[in-house]
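Below you'll find the structure, written out as structure tokens, and then a few comments.
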Amino acid sequence: MLMLRKKQVDFSSQWERRESSKFSISAAVTSKEYSLDGALENTQLPKGDCWSVHKFGGTCVGTSERIGNVAEIITADQSERKLVVVSAMSKVTDMMYDLIYKAQSRDDSYLTALDAVREKHKLAAVDLLDGEDLASFLSKLQDDISNLKAMLRAIYIAGHATESFSDFVAGHGELWSAQLLWSAVRKNGVECKWMDTREVLVVNPTGSNQVDPDYLKSEERLEKWYSNNPSKTIIATGFIATTLQNIPTTLKRDGSDFSAAIMGALLKARQVTIWTDVDGVYSADPRKVSEAVILKTLSYQELLNLVWPLIWPFLTAKFLIYVLSYFGANVLHPRTIVPVMQYGIPIVIKNIFNISAPGTMICRSSGNEHEDGQKLESLVKGFATIDNVALVNVEGTGMAGVPGTASAIFSAVKDVGANVVMISQASSEHSVCFAVPEKEVKAVADVLESRFSQALSAGRLSQIAIILNCSILAAVGQRMASTPGVSATLFTALAKANINIRAIAQGCTEHNITVVVKREDCVRALRAVHSKFYLSRTIIAVGIVGPGLIGGTLLDQLKDQTVVLKEKFNIDLRVMGITGSRTMLLSESGIDLSRWRELLSLKGEMADMNKFVPHVRGNHFIPNTVMVDCTADSDIASYYYGWLHRGIHVVTPNKKANSGPLDQYLKLRALQRQSYTHYFYEATVGAGLPIISTLRGLLETGDKILRIEGIFSGTLSYIFNNFTGSRAFSQVVEEAKEAGYTEPDPRDDLSGTDVARKVIILARESGLKLELSDIPVQSLVPEPFRASASPEEFMQQLPQFDQEMATQRQVAEDAGEVLRYVGVVDIVNGKGTVELQRYSKEHPFAQLSGSDNIIAFTTERYAKQPLIVRGPGAGAEVTAGGVFCDILRLASYLGAPS
């Protein structure tokens, strides 16, 4: 092995001497050729706004057709002077590194792989070029391949490749792509020169797979290069450079962006344009947030503060290729921004496949413009997530006030080569919490337990805790700094999506707020905060329980308003499931509400609430879920507590939960108040009338409720509004039944139970702790008829009750009064009643028509003249409308603009 390595060194020395005339590896940067005596300074290099720099990534030049398209873009560019930086053709750099790997692994297939590299470029050249240009390129390509074959043979024999050899081999892709593009541009009639940037860019290796540019040396060499090659259009290689010792090197993996930034700084260019395959930098990963928007502008600071998975996929044109595991891999390194920041040179991200798209500009200031020219900026510019991280929490009373503890912790972490993603420490110094990639956490835990074993034994440290399955969410924006409420808005959005925060970090610049959440909550968390800051629609997954009269009407209303809600109010309600008592319909993306009845019939499956609820909530791309119970079923109401406990919001006109057993009601409301999960039930009392919200408004503003009295039943309102003159009571009830105002069995309305439930709901809302059994109810169903076998039999027997009712009506009329069936909540005396009462014809209750409801609130503020709410209180349209209003109220609470 020692003999082989010596042969490799000797070969390197001989090879460099032999190839210096061809590749300028050492001679290209000798002091003799680039002496500063002025003899070669034929043309002075102009600098400044006359130059624009373009960088085309591997995807942009991946085929001969795309190289031709790039040539057209360069030809069409009206800039006075332009320098174009080119990456290797798509996949070529990977192919070159694979050659090295195969050679040093003594895998003979490196020869076949090298032939594939040659063939790829040969075919591109044949498509693009002709005549002398084609012959010249193919000749040069063959020479390069021959030299690479010799180089790889030496690596094969030695079983090892030095870094300089690897860099030299890997950099050939850029040489070939730049020459192809140079020839294609000249073929379009544009005079231009091509630059091997190893003759210009000088860098100093710094370890950790990074290099630092030597700007002074690079500027000197650029000026000398230009004096010998003056041109208004220059095609330059990306990625490759040379060291001060004249050894070829690279700007390391994906360094072409860095090349463009360095060249932009050396030329003090007007702009650096990075051409890629997406329209710009997104506000969030569009794989996770489909409504992510292209950011028109981004400041340098915002870019540097954004965690790298957000930036890298879009700036490197590899979003569709790479699925990044954490922000330490495949990133647009901050070094790319540093060269241009000094001179305030903007970087513009453009899509080569959508040239008309404006792209994203990264510059000193970041502001979006209104059409009238006024700036409008989002406080938060973007969000990013980092998956597969683990939290390490080092805790103990012995840490407080002890200098060097944090240093010792992170020194130990450094010793095992782990990457600390985030750090959080409370002012008490009682604990230090930090995040590391999950694959590195075992090594971190082992070294900490070993290093601090004595402190753990002595009790100075109480624990070194590891929390797995975490993700990091970061919010970034320059205008977050010194703007009150940003953190509160962020945390509220997470809380309302039922997301628990495990750790928090915020720098003093206030450009970045970072939180750690459970991995399973990561996407929902991202969507929740993205929506909250108005970067996307407020999306709610909706489950409809009970597609009967009210539920079906609600679905039709949702269908009619879907487009308007999205376009005008930024609300996206997606019905993910519909279930009745027998059949349910589920959808992964949202049910087509124009066909829901048909789909339920054709594609419905057996109803199963244990499957229905997880499905509706299970789409992690939708942060919020609401169950809308449109039944009158007490069994469905029994699910509410579990739904709310799991972070599922509830909207319902079903009165059974709020009028059921008091202990269950109190438990339900306590859960609601303790969480950010919402429970809306406006339609339980007045259908579409604002009864609950009016009562809450009075209470919340400090008013004291004395009495609530009202006609709460639309059915009984209709009956007694029309029970006049000589009309029989049974005749009016029959008319109401035929008109659809009553339940299928009119006894359900005439019994007064429905009114009693509304009374108990209002009583409990007012603070009274009453059971439904505490409310005396005057039933209008005669005792002998309550056991009738069927609704039809009851209606046949009801005329026997007509005379009794006619007598009560006549007594009232003789006194100048009318009969009204009312519910009363007497807060002063702590009771409620439901009964048939008489009111003067001047009373508001006597002025009703049709099926209107009317409710009077007597309070300390409204003592002399009660506050009255009046309107339709029955019917599917108004009840569904009331439920719809509650859903929209929920959307507002969850972040929709008001």
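Being among the aliphatic types (A, V, I, L, M), part of a helix (DSSP H, G or I), open to solvent by 40 Å² or more (accessible area, probe 1.4 Å) and closer than 20 Å to Trp275 by Cβ, is that true of even one residue in segment 74-90? Yes: segment 74-90 contains one or more residues that are among the aliphatic types (A, V, I, L, M), part of a helix (DSSP H, G or I), open to solvent by 40 Å² or more (accessible area, probe 1.4 Å) and closer than 20 Å to Trp275 by Cβ. Please determine whether any residue of segment 46-61 is free of Cβ contacts under 8 Å to residues at least 40 places away in the same chain and within 15 Å of Ser256 (Cβ to Cβ). So far as segment 46-61 goes, no, none of its residues is free of Cβ contacts under 8 Å to residues at least 40 places away in the same chain and within 15 Å of Ser256 (Cβ to Cβ). The set of residues from segment 449-463 being farther than 30 Å from Asp521 by Cβ and in contact with a helix residue (DSSP H, G or I) (Cβ under 9 Å, 6 or more places away or on another chain) comprises Ser450, Arg451, Phe452, Ala455, Leu456, Ala458, Gly459, Arg460. In summary, Val402 fulfils each of the numbered conditions (1) in a helix (DSSP H, G or I); (2) open to solvent by 20 Å² or more (accessible area, probe 1.4 Å); (3) not polar (S, T, N, Q) with the single exception of condition (1).
Among residues of segment 705-717 that are farther than 23 Å from Ala739 by Cα and modelled with pLDDT of 95 or more, those with a Cβ under 6 angstrom from a residue that is surrounded by fewer than 24 Cβ atoms within 10 Å (Cβ to Cβ) and among the small types (Gly, Ala, Ser), sequence gap 6+ or separate chain, pair up as Ile705/Ser766; Glu709/Ala856.
Taking each residue of segment 871-886 that is closer than 10 Å to Leu549 by Cβ and assigned to a helix (DSSP H, G or I) and looking for partners that are of a type in the set (Asp, Glu) and open to solvent by 20 Å² or more (accessible area, probe 1.4 Å) with beta-carbon atoms closer than 9 Å, six or more apart or interchain, yields Ala880/Asp556. Entry remark, segment 786-824: residues being within 19 Å of His843 (Cβ to Cβ) and crowded, with 16+ Cβ neighbours inside 10 Å number 10 in total. Just for segment 620-636: of the residues that are assigned to a helix (DSSP H, G or I) and either touching a residue at least 24 places away in the same chain (Cβ under 8 Å) or in contact with an Asp or Glu (Cβ under 7 Å, 6 or more places away or on another chain) (or both), which one is nearest to Ile540 (Cα to Cα)? That would be Ile636. The criterion of at least 1 residues that are under 12 Å from Gly882 (Cβ atoms) is met, among helices (runs of 4 or more DSSP H) falling completely within segment 638-691, by 683-686. Here is the figure for segment 145-194: residues that are in contact with a strand residue (DSSP E or B) (Cβ under 8 Å, 6 or more places away or on another chain) and polar (S, T, N, Q) total 3.
Scanning segment 706-729 for residues that are open to solvent by 10 Å² or more (accessible area, probe 1.4 Å) and of a type in the set (A, V, I, L, M) yields Leu706, Ala728.
Scan segment 436-448 and give yes if some residue there is in contact with a helix residue (DSSP H, G or I) (Cβ under 7 Å, 6 or more places away or on another chain), more than 30 Å from Val529 (Cβ to Cβ) and surrounded by 14 or more Cβ atoms within 10 Å (Cβ to Cβ), otherwise no. Yes, some residue in segment 436-448 is in contact with a helix residue (DSSP H, G or I) (Cβ under 7 Å, 6 or more places away or on another chain), more than 30 Å from Val529 (Cβ to Cβ) and surrounded by 14 or more Cβ atoms within 10 Å (Cβ to Cβ). Of the residues Gly697, Gly702, Gly642, which single one is open to solvent by 10 Å² or more (accessible area, probe 1.4 Å) and at positive phi? From the options Gly697, Gly702, Gly642, the qualifying one is Gly702. Here's a check for you: in segment 191-214, which residue that is more than 23 Å from Asn228 (Cα to Cα) and touching an Asp or Glu at 6+ places or on another chain (Cβ under 6 Å) is modelled with the lowest pLDDT? Ranking the candidates gives Thr206 first.
Lys232 fulfils the conditions (1) open to solvent by 40 Å² or more (accessible area, probe 1.4 Å); (2) farther than 20 Å from Glu174 by Cβ; (3) in contact with a helix residue (DSSP H, G or I) (Cβ under 7 Å, 6 or more places away or on another chain) except for a single criterion, (3).
With respect to (1) surrounded by 19 or more Cβ atoms within 10 Å (Cβ to Cβ); (2) in contact with a strand residue (DSSP E or B) (Cβ under 8 Å, 6 or more places away or on another chain); (3) more than 16 Å from Ile719 (Cα to Cα), the lone exception for Leu867 is condition (1). For Ala269, the conditions (1) over 21 Å from Ala88 (Cα atoms); (2) buried (at least 18 other Cβ atoms within 10 Å of the Cβ); (3) within 30 Å of the chain's Cα centre (by Cα); (4) of a type in the set (Gly, Ala, Ser) are fulfilled apart from (3). Test of understanding: among Asp94, Asp115, Asp143, Asp98, which residue is open to solvent by 40 Å² or more (accessible area, probe 1.4 Å), within 30 Å of Ser231 (Cα to Cα) and in a helix (DSSP H, G or I)? Answer to the selection: Asp143. Checking segment 52-65 against the condition returns a match, with at least one residue being open to solvent by 30 Å² or more (accessible area, probe 1.4 Å) and assigned to a helix (DSSP H, G or I). The set of residues in segment 833-842 being more than 25 Å from Pro782 (Cα to Cα) and either buried (at least 17 other Cβ atoms within 10 Å of the Cβ) or free of Cβ contacts under 8 Å to residues at least 24 places away in the same chain (or both) consists of Glu842 alone. In the set (1) open to solvent by 30 Å² or more (accessible area, probe 1.4 Å); (2) more than 28 Å from Ile691 (Cβ to Cβ), Asn829 fails one condition alone, (2).
The values are calculated or read from the model by the stated rules, or taken from the named source; none is laboratory data. For clarity, every value in this text was computed on a predicted model and none was experimentally measured. When we count neighbours, we look across all protein chains shown, and the Cβ atoms used for this are built from the backbone with ideal geometry, even at glycine. Keep in mind that these areas ignore ligands, DNA and RNA; they rest on the heavy atoms of the full protein, side chains included. Shrake-Rupley method; radii C 1.70, N 1.55, O 1.52, S 1.80 Å.
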